[in-house]
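Input: a single structure, listed below in structure tokens.
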Amino acid sequence: MSKDNTYDHVGSLLRVLGHPMRIRILLEIGSGEACVCHLKAQLGIRQAYLSQHLMALREEGVLKTNREGRFIYYRIASQKTLDLITAAAQIRNVSLETINARKKACDCPKCCGD
């Protein structure tokens, strides 16, 4: 890979991570996984808006998916992504609260325990 392609590749990743809603999505998923209904409930956004952001993150390779029946679960491809977000927050002297516990349930098997 040439130097210019390397810079483009890194720049592309930083651009996709630079959107505040995508940062919220990644922090919500954290080190686990979440389905669209979880993310929609937690973030309080429309599914169409959420899907656009999930697609951008998937296309860049930031997210991986796991299908279980009709549910698709998203997880972060590399812990280094969260490390990068945390480092950026520290540079800006901003405290990020990593979301560990689900606040709202949805009808997916992981929430319902089916």
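Protein heavy-atom accessible surface, 1.4 Å probe, per residue over region 7-114: 63 Å². Split the accessible area of the chain by element, probe 1.4 Å, and carbon with sulfur accounts for 50%.
Give the longest segment of the chain that steers clear of trypsin sites (Lys or Arg not before Pro) in DSSP loops with at most 12 neighbouring Cβ atoms within 10 Å, not counting the sites themselves. Counting only loop sites that pass the neighbour cut-off, the longest clear stretch is 1-45. Run the paramagnetic zone check for Ile23: 7 angstrom along Cα to Cβ, then residues of region 69-98 with backbone nitrogen under 12 Å. Those under the cut-off are 84-97. The modelled label-to-label distance between Glu59 and Ala88, using points 7 Å beyond Cα along the C-beta direction, is 1.8 nm. For the chain, the number of Lys pairs with C-alpha atoms closer than 26 Å, counting only pairs eight or more positions apart or on separate chains, is 12. When its C-alpha radius of gyration is set against 2.2 N^0.38 Å (N residues), the chain gives a value of 1.12.
The values are calculated or read from the model by the stated rules, or taken from the named source; none is laboratory data. Since this is a predicted model, take the numbers as computed values, not measurements. Positions of Cβ are generated from backbone atoms using ideal geometry, with glycine treated the same way; all protein chains shown enter the neighbour counts. All accessible areas refer to the heavy atoms of the entire protein, side chains included, with ligands and DNA or RNA removed. Shrake-Rupley method; radii C 1.70, N 1.55, O 1.52, S 1.80 Å.
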